[in-house]
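Beneath this line is the structure, given in structure tokens, with notes to follow.
Coordinate-derived values only; no laboratory data. Keep in mind the model is a prediction, meaning the values are calculated, not measured. Note that we place each Cβ from the backbone using ideal geometry, even for glycine, and neighbour counts take in every protein chain shown.
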Ligand code: NAD
């Protein structure tokens, strides 16, 4: 039985985690629900692992407390600044952490396929990413779109900060061969759509994933939490959890 503490428990993902964990009550128990104004420190001891889906500025403090108390941490939150990422990463020397921009099995397969397609198609194809999310999403582009862009930049051996082209407006001129276009669309209640476009003269390949329920992320995060308990300190990805590496 894995005992889980949830940070961000009143949010959309927090609620999905609680629903999904209840269906796996033979294997999982939620022993702490922490949201804004609650003290993680007062419930952390009762848990084997912490799962955080809250806000970018919350994660560094959660990671520091988990490191201090020796509790594994699953991070679902996206939109961190470089400073916040550096703060969070410090905890990896003391505890095992899974940090993934997307916990769905389908999206992690998309990550794998995107790398393969970019390797096979080579530099002659223009690369563009389009993501769409519900109107309440706070960060853009999505963490998943950023991961897709990082994969493409890695295959092309370029720095993403140099290659990324976020949206286009005005007289931007012709597209350069090296740029990676990233476009964030917002509206309605879309849980999360991602398309990677590989476009060349005469043909175009598009890889698309559409999430229709948050439960796909919640089940993935719960799976990651169970996998993480008992691991050595370090930073793991969902690709590690799924054995895709
Ligand atoms: P949400 O706004 O519905 O929920 C966030 C919750 O965090 C809220 O209940 C809020 O009150 C709470 N919160 C704010 N400050 C807090 C604090 N100091 N301590 C504890 N809780 C606090 O957002 P959401 O849709 O549930 O998404 C949460 C995060 O997860 C976002 O960053 C989102 O992009 C990300 N997300 C990641 C994945 C993934 O697979 N990695 C999937 C979906 C969403």
Points 7 angstrom from Cα along the Cβ direction at residue 168 and residue 210: gap in nanometres? 2.6
Can you tell me the orientation of helix 12-23 relative to the chain, as the angle in degrees between its alpha-carbon axis and the longest Cα principal axis, to the nearest 10? 60
Going from the fewest other Cβ atoms within 10 Å to the most, one would list 245, 29, 116 as 245, 116, 29
For the residues 42, 213, what sequence is obtained by ranking on other C-beta atoms within 10 Å, fewest first? 42, 213
Nearest 10, in degrees from 0 to 90: the angle of helix 143-156 to the longest Cα principal axis of the chain is 50
Label points 7 Å out from Cα along the Cβ direction at residue 12 and residue 82: separation in nm? 2.9
Working from Cα positions, state the angle (0 to 90°, nearest 10) between the long axis of helix 59-69 and the longest principal axis of the chain. 40
So, for the Cα atoms of region 2-73, Rg and Dmax in Å stand at 11.3, 34
Report the normalised scattering of region 1-122 as log10 I(q)/I(0) at q = 0.14 Å⁻¹, calculated by the Debye formula with identical scatterers on the alpha carbons. -0.63
Given the chain reduced to its alpha-carbon atoms as identical point scatterers, what log10 I(q)/I(0) does the Debye formula return at q = 0.07 Å⁻¹? -0.25
Please give, to one decimal in nm, the separation of the simple spin-label points placed at residue 23 and residue 64, each 7 Å out from Cα toward the Cβ. 3.7
With springs only between Cα atoms under 10 Å, which of 136, 228, 40 fluctuates most in a Gaussian network model of the chain? 136
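Suppose we take every Cα in region 105-211 and form the convex hull; what volume per residue is that in Å³?
Roughly 109 Å³ of hull volume per residue.
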